[in-house]
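Notes to accompany the following structure.
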Amino acid sequence: MSADTLASAGQRGREIVLRGESLRGVLAALSYLAEEALPGSVVGFTLVDPTGTFISDAVFPSLPPIMYTV
């Protein structure tokens, strides 16, 4: 990844955060941004509860919905 690509991604990431999106919206947008910069990847975020014991949420927007069912 070039320095220009990384700088552009950083600027776009800041713009996403500053728009005031929800946390899930920000994480989804950042996931898509990373996937764009890293072709062939699937990017997401796993959030844990404050104790670090349980997964409280997961945001992997490129995965099919069936992956979210338990």
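The values are calculated or read from the model by the stated rules, or taken from the named source; none is laboratory data. The shown structure was predicted, so the numbers you read here are calculated from the model rather than taken from an experiment. Methodologically, a virtual Cβ is constructed for each residue, glycine included, from the backbone with ideal geometry; neighbour enumeration extends over all protein chains shown. In case anyone asks, the SASA skips ligands and DNA or RNA and just uses the protein heavy atoms, side chains included. Shrake-Rupley method; radii C 1.70, N 1.55, O 1.52, S 1.80 Å.
Listing for the model above:
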{"read-out": "Percent carbon-and-sulfur accessible area, the chain, ignoring ligands, DNA and RNA, probe 1.4 Å", "value": "64 percent"}
{"read-out": "Ranked packing of 17-24, 28-35, 57-64, most packed first, by mean Cβ within 10 Å", "value": "28-35, 57-64, 17-24"}
{"read-out": "Translational diffusion coefficient (Stokes-Einstein; Kirkwood radius from C-alpha pairs) of the chain at 25 °C, 0.890 mPa s, in µm²/s", "value": "184 µm²/s"}
{"read-out": "Sequence-separation-based contact order of the chain, relative, with Cα cut under 8 Å and 6+ spacing, percent", "value": "24 percent"}
{"read-out": "Accessible solvent surface per residue of the chain, calculated while the other protein chains remain in place, 1.4 angstrom probe, Å²", "value": "72 Å²"}
